[in-house]
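The values are calculated or read from the model by the stated rules, or taken from the named source; none is laboratory data. Predicted, not measured: the structure shown is a model, and the values here were computed from it. In this analysis, Cβ positions are derived from the backbone assuming ideal geometry, glycine residues included, and neighbour counts consider all displayed protein chains. Accessible surface is based on the protein model in full, side chains and every heavy atom, while ligands, DNA and RNA are left aside. Shrake-Rupley method; radii C 1.70, N 1.55, O 1.52, S 1.80 Å.
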Amino acid sequence: MLLPVERRHEILSVVQEKKGATCAELCERFGVSPGTIRNDLEALERMGAIKRTHGGAVLPDFMLMQGKAMRFKEREVINAPIKNRIGETAARLVQPGESVFIDGSTSSFFVAKHLRDLENITVVTNAERVVLELGKEDHIRIICTGGLLRKENMSYVGETAEKRIKDEFFTDKMFFSCYGISREFGIFDATESEAGVKRAMFASTKNRILLCDSTKFDKIGFPKLTEFKTVNMLVTDRAPAPQWQEFFRKNQIEVLIAE
């Protein structure tokens, strides 16, 4: 018998895979009563993971529209002052002589903007914007992963990028962002292709630093990116709620608040 948290994770996987599910099929699949399934669906809806319907559940509209992702310039202006504060704070973690991964997110781009004055660092990135931002600095070594260009984000993804990261690089630190985080289910991204590159970076770095502004707490997306055990540090814009602070303490994740 699955624990409630395990069953809800499985229910979410079913709804994400099929874009919807009925109470009847979920009862049959998990061998529980309609009342139990209703409670599970209510819990998932409160978290924003699903939308309940008469007799079942479907994906929320924002998940159904994720295939039409916002372009980088549109996302860059959303919470820009907050992302800039997070980026500036995160950039202070980099020491001269270190190597870092920077992913293709807008939050990570703001880290890159504050690395210009550091001497003798190496930046490995799949983000075209990061290459252009730092490429004119003679004292910074830039390596682009290459791969398939994802034009919505001007980032390189796919097997070529992932294989090169795994085979050729190992860095001191990695800066990455996400779509949302959930204490119950983990860390989520917006697209599978970007998630694949980030997972390759996870396996090839010493320290994984998550950039997550306060709007992303208790927010679920698709696909699932990773578990919290992957993360060493979180940089955010305000002190998390007490339950989140306790969660980070138990998971040995250092939290840094942007000034």
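Numbers for the structure displayed
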| read-out | value |
| --- | --- |
| Antiparallel %, DSSP beta bridges [both residues in the chain], to 5 | 35 percent |
| Calculated FRET efficiency for the pair Glu184/Val14, C-beta based, R₀ 22 Å, to 0.05 | 0.85 |
| Assigned charges on the beta-carbon of Lys, Arg, Asp, Glu; the chain dipole about Cα centre (debye) | 300 debye |
| For Gly56, distant residues with modelled amide H under 5 Å away | Cys23 |
| Solvent exposure, largest accessible area first (probe 1.4 Å, DNA, RNA and ligands not counted), of Arg164, Arg38 | Arg38, Arg164 |
| Where GluC sites (Glu not before Pro) fall in DSSP loop in segment 176-237, at most 13 other Cβ within 10 Å | Glu227 |
| Ranked by how many other beta carbons lie within 10 Å on average, peptides 97-107, 10-20 from highest | 97-107, 10-20 |
| At R0 = 25 Å, FRET efficiency that the Cβ-Cβ distance of Leu132 and Glu259 yields, to 0.05 | 0.40 |
| Summed residue charge, Cβ within 11 Å of Val231's Cβ, Lys/Arg positive, Asp/Glu negative | 0 |
| Inter-probe distance in nm under a simple model that places probes 7 Å from Cα toward Cβ, at Arg46 and Leu148 | 4.0 nm |
| Those trypsin sites (Lys or Arg not before Pro) in segment 107-146 that DSSP places in a loop and that have at most 16 other beta carbons within 10 Å | Arg116, Lys136 |
| Förster radius 45 Å - calculated FRET efficiency between Lys166 and Ser33 (Cβ-Cβ, nearest 0.05) | 0.50 |
| Separation in nanometres of the label points that stand 7 Å from Cα toward Cβ, at Arg116 and Arg238 | 3.0 nm |
